[in-house]
1. Is at least one residue of the stretch 216-223 free of Cβ contacts under 8 Å to residues at least 40 places away in the same chain and assigned to a loop (DSSP other than H, G, I, E, B)?
2. Step by step: first the residues of the stretch 135-192, then only those that are of a type in the set (Lys, Arg) and in a helix (DSSP H, G or I), then the one that is most open to solvent (accessible area, probe 1.4 Å). Which residue is that?
3. Scan ASP50, ASP60 and give me the residue that is acidic (Asp, Glu) and over 21 Å from the mean Cα position of the chain (by Cα).
4. For ALA108, indicate whether it is surrounded by 24 or more Cβ atoms within 10 Å (Cβ to Cβ) and either modelled with pLDDT under 95 or at positive phi (or both).
5. Taking ASN309, is it touching a residue at least 24 places away in the same chain (Cβ under 8 Å), out of contact with any helix residue (DSSP H, G or I) (no Cβ under 6 Å at 6 or more places or on another chain) and within 29 Å of GLY623 (Cα to Cα)?
6. Say whether the condition of being closer than 27 Å to PRO306 by Cα, crowded, with 23+ Cβ neighbours inside 10 Å and touching a residue at least 60 places away in the same chain (Cβ under 8 Å) is met by at least one residue in the stretch 87-99.
7. Give me the pairs, please: first residue somewhere in the stretch 367-389 and touching a residue at least 12 places away in the same chain (Cβ under 8 Å), second residue anywhere and open to solvent by less than 60 Å² (accessible area, probe 1.4 Å) and among the acidic types (Asp, Glu), beta-carbon distance under 8 Å, and either six or more positions apart or on two chains.
8. When PRO257 is evaluated against the numbered criteria (1) in contact with a helix residue (DSSP H, G or I) (Cβ under 6 Å, 6 or more places away or on another chain); (2) open to solvent by 40 Å² or more (accessible area, probe 1.4 Å); (3) modelled with pLDDT of 95 or more; (4) over 19 Å from ALA360 (Cβ atoms), which criterion, by number, is the only one it fails?
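The values are calculated or read from the model by the stated rules, or taken from the named source; none is laboratory data. What you are looking at is a predicted structure, and each value in this text was computed from that prediction instead of being measured. Using ideal geometry, Cβ is built from the backbone for each residue, glycine included, and neighbour counts are taken over all protein chains shown. For accessibility, only protein heavy atoms count, side chains too; no ligands or nucleic acids. Shrake-Rupley method; radii C 1.70, N 1.55, O 1.52, S 1.80 Å.
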Amino acid sequence: MSEHRPKEHRPKDKPWMMRTYAGHSSAKESNELYRRNLAKGQTGLSVAFDLPTQTGYDPDSELARGEVGKVGVPVSHIGDMRALFSDIPLGEMNTSMTINATAMWLLALYQAVAEEQGAEAAQLQGTTQNDIIKEYLSRGTYVFPPGPSLRLITDMISYTVTTIPKWNPINICSYHLQEAGATPVQEIAYAMSTAIAVLDSVRDSGQVPAEEFGKVVARISFFVNAGVRFVEEMCKMRAFVQLWDEITAERYGVTDPKQRRFRYGVQVNSLGLTEAQPENNIQRIVLEMLAVTLSKDARARAVQLPAWNEALGLPRPWDQQWSLRIQQVLAFESDLLEYDDIFTGSPVIEAKVAELVAGAKEEIDRVQEMGGAVAAVESGYMKQQLVASHAARRARIEAGEDPIVGVNRFETTEENPLLADLDTAIQTVDPAVEAAAIHAIKQWREGRDELEVEVAINALKEQAATDANLMDATLACARAGVTTGEWAGALREVFGEYRAPTGVSGVVGVVEAGDALTAVRESVADTGDELGGRLRMLVGKPGLDGHSNGAEQIAVRARDAGFEVIYQGIRLTPDQIVAAAVAEDVDVVGLSILSGSHMELVPDVIQGLRDAGLTDVPVVVGGIIPDRDAAELQAAGAAAVFTPKDYDATVIMQQVVDAIRAANGLDPQAA
């Protein structure tokens, strides 16, 4: 008789935390979605906040126009937080909040609501992303300059390590670095450089006794990306584990191996999801998930998967359920969790890990020689490296060197029944959501004690001007009914605001021009000669959408094509874009919007240009824009609309030239 136990009796490891990144429209609707997801077997919550909440604005701010409830849930005050977690016991829940510049504020609201529910702060479990360095480099929801931002992170860590000891106060986030173009080496190096900057700041603040510093290290978590090159990505995770253990032992003297453990959550690569043949995204998601689950020694503690249709628009609850079921099948039906690490001792894996570790150490040393992560942000070094890496990646895709099935390889396809009715294949946010939120916040302000609010805000500003820890003052603001915009506005008065380097200057997108780019350069030059000067292109990002990768790559390729490019970065109002177009005497305006606010903001820019008399300046638009919306934008005056399926930037440049010629009454150029 065999001594081996039947497979079904083999003990399994505990699965990772299963989350779905979710939130939209309103606190009430998001609460209903969360409770449905938990009933389906989801084991934790991952909250997506809308852009006004992430950047510290109330729904009635000018900059919030078109953005309310679009990419997440609006949380403007403690009343919204109560509604968001109604009937969800926060003392028992594990909640991840993707929030950075306003992380202290959202944590204070969460703690205050949990205490109203009867929970104690020490019971709370979860994570605030709170990694502002990567916001300067990729995601763009920063508010304050690097110094004050790091101070807020330091205060939160120092507070939570004693008051909310089960909370992860920061999720150092390499996820968005990869989406901004980072190679695996850069992703590891810049994440570790951020961790060093944060830990040095906490240590040097004196808020945590030296003998307690291991507890700080133990609560540092990471949030990573996993691309479709899943063997390399798995090796990347093993490299992360090795480097973190070395840094925490050698730089910070942490002796407890448990405190040095590399703890991370993951969302697999949304950047690699395609609009063309989107059904292929399912197998991409599965392969990417294997990168962070196959290796037991480097397995994720929490996983959230994107939905197959994210390149088309906002996923529906059914789409999110599909992604959850992928996790559940792997965890509960397969034998993955029955074995120790299956790669231990593999010479191939060990060699790749060693290569990644060596490259990352070299780049970490380079950043440290510059003065650390903050200095490398302020100088523009890290941003420029990411823009250059992303430009190189785009060039490989356009050349067919990096195959993408359905995009630059195997493009012939049958009709996709999942897209038979595209309007129902994605979820849309009711335009009335924004008006309702504006009305609600006005009612909130009218119903609160204004004196209590004034006292709380003044105390916050007074303490912000000192080196006091700001968590207590922030909690007082939360309990008094202060709004998100008021809390951030008070700190803006003290700390000021910041515009990060764009990283575009000095980056060459295409080293050697092929026939296609050479032809576009000639087209740009000839059209400029006909109009009496070099063609000038303004690349603008209206609204609060900070995902600037696409805008940066268009700016780089436009310059490669011979345009003079004006790119002023993120977070501009339509009026500011129009003013720049007038001041810079541009020939074309290119707008990039990924947050879903295109139907509000693009027409505002078009009308503003008309009002300014610039009827010969065409507007071209890029973003995640459904076909129906694209048709409406073109009817409103947009000369062209580009979406993720338009991956060849050189082809886009020729279409931009065509739009300029048409707007100026020039004959089409011969093909």
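1. no
2. Within the stretch 135-192, the subset of a type in the set (Lys, Arg) is 139, 151, 166.
Subset that is in a helix (DSSP H, G or I): 139, 151.
Details: ARG139: 11, ARG151: 47 Å².
The qualifying residue most open to solvent (accessible area, probe 1.4 Å) is ARG151.
3. ASP60
4. no
5. The answer is no for ASN309.
6. Yes: the stretch 87-99 contains one or more residues that are closer than 27 Å to PRO306 by Cα, crowded, with 23+ Cβ neighbours inside 10 Å and touching a residue at least 60 places away in the same chain (Cβ under 8 Å).
7. Qualifying pairs under 8 Å: GLY372/ASP200; VAL387/GLU552.
8. (1)
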